[in-house]
1. Would you mind telling me which residue in ALA285, ALA246, ALA222 has the biggest mean-square fluctuation in a Gaussian network model of the chain, where springs connect alpha carbons within a distance under 10 angstrom?
2. If we restrict to alpha carbons, what Rg and Dmax does the chain come to, in Å?
3. Compute, for the range 190-406, the length of the dipole vector about the Cα centre, with Cβ point charges of +1 (Lys, Arg) and -1 (Asp, Glu) only. Units Debye, rounded to 20.
4. If the cut-off is 14 Å between C-alpha atoms, which aspartates and glutamates fall inside it for LYS145, apart from same-chain ones fewer than 8 positions away?
5. For the charge dipole of the range 251-306, defined by +1 on Lys and Arg C-beta atoms and -1 on Asp and Glu C-beta atoms about the Cα centroid, which residue among VAL251, ALA286, LEU303 has the Cα displaced farthest towards the positive pole?
6. Viscosity 1.567 mPa s, temperature 4 °C: Stokes-Einstein D of the range 190-406 from its Kirkwood Cα radius, in µm² per second?
7. Search the structure for amide H atoms under 5 Å from the amide H of LEU301, placed 1.01 Å from N in the peptide plane, and list their residues when 5 or more places away or on another chain.
8. Under a cut-off of 17 Å between alpha-carbon atoms, report the lysines in cross-link reach of LYS8, not counting same-chain residues fewer than 8 places apart.
Amino acid sequence: MQSLSNKKVLLGITGGIAAYKSAELVRLLIKAGAEVRVVMTPSAQKFVQPLTYQALSGHRVYLDLFDAEAESAMDHIELARWCDLLLVAPASADFLGKMNAGYADNLLLTLCLASPQPVAVAPAMNQQMFANPATQENIKQLAAKQVLLWGPASGEQACGDVGLGRMLEAQQLFDNVLLHFSPGKLAGVKLLLTAGPTREAIDPVRYISNRSSGKMGYALAAAAIEQGASVTLVSGPVALPAPAGADLIAVESAQQMYDAVMQRAPASDVFIACAAVSDYRVDQAANQKIKKSSDSLSLKLVLNADILATVSALAPRPFCVGFAAETQDVEKYALGKLQQKKLDMIAANQVGDGNSGFETDFNQLEVFWRDGRHSIGHASKAEVANQLIELIAERYTCARSRQAQQT
Ligand code: C5P
């Protein structure tokens, strides 16, 4: 999950039935680490109780321009300067008209006038009111004054009408806030990533695993968050701290990794399979610790499902990036996997020479896609991850615009 820590959002609520949706918005903002203060106009209080927002934001709700108590806590000029973003959601037709005309006869309007920070509005009203030339003119003029317009959406309205005027959903407004604060190359992109090794149980105390440290996958997660992506990291057992801002799902076996990925892949835009998934698992793991009883022990291994190939066979599917860690013929095997697993991109590295790949802090990659290739030279995994994420962002954007042209 992408972080909004250190971001201060002042949420203004005006009178409209959509006011209840903003409660969910406050919850999402707080969950992402933002500090939220809420201001309500007098008519907003007719739709939702200030106490709701007080409970969700953890702060007193600002209601009145001439509230002695509120003034002593933070006066309106201070409040206008305090925030990094002032978002009015819902913004009624009346409020937009007054805001455009420069009125300041309630606290929220005063804050809009006094705020040196960006102001965004999420219009919410009946479709006829939205279509009215007066509203349209107000909106046009507000946009010319650099006010950010988020929405409205089209659809069924509380009054029974159908048309343009619905407030955007809380999740869409939240995504806009994220985008506003992090216009990176992957802003708004939902990126799913696997990392680390898997453990295949032999019995309750023993397992089969591999030398993957998870460092490359964790570096990729951090680089993607830096570029504004919303990252879910499905990780096998590693000795690394969770990358700040990632939604970390800890798993052990290949089957658990498969289940965690398949649950999330359909809603993801990009999937990067960086994990060193065990190809085989023990057919019947013992329930009790296996005793030393004879000179030899045979274990029957069965093939695990290929997570990456399964995701790339989904329709629609995310942009799929695979890894190929090889000890020889890197290019040949990588190109083979690109085709077999029908990937959008594959990043190949030579492992086993001690200078890069498994267990080290360094790596180097040969990256291939259907009609191109790119070398990322020997560097720290953090640097290699930055370059690979840039390349993925570039190729993903190309693929998306190609797709849009075809539809
Ligand atoms: O076929 P191979 O295991 O070499 O392919 C490596 C790529 O496939 C890596 O991206 C790895 O994360 C992914 N993979 C997977 N599920 C498996 C095996 C590999 O997602 N069961």
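1. The residue with the greatest mean-square fluctuation here is ALA285.
2. Reported Rg and Dmax, both Å: 26.3, 90.
3. Charge dipole, the range 190-406, about its Cα centre: 480 debye, nearest 20.
4. Straight-distance partners of LYS145: GLU137.
5. ALA286
6. Result for D is 72 µm²/s.
7. For LEU301, the qualifying residues are ASP283.
8. LYS31
Read-outs throughout are calculated quantities, based only on the coordinates presented, and are distinct from any laboratory measurement. Here the structure is a predicted model, which means the values were calculated and not measured. So basically every Cβ, Gly included, is an ideal-geometry build from the backbone, and we count neighbours across all protein chains shown.
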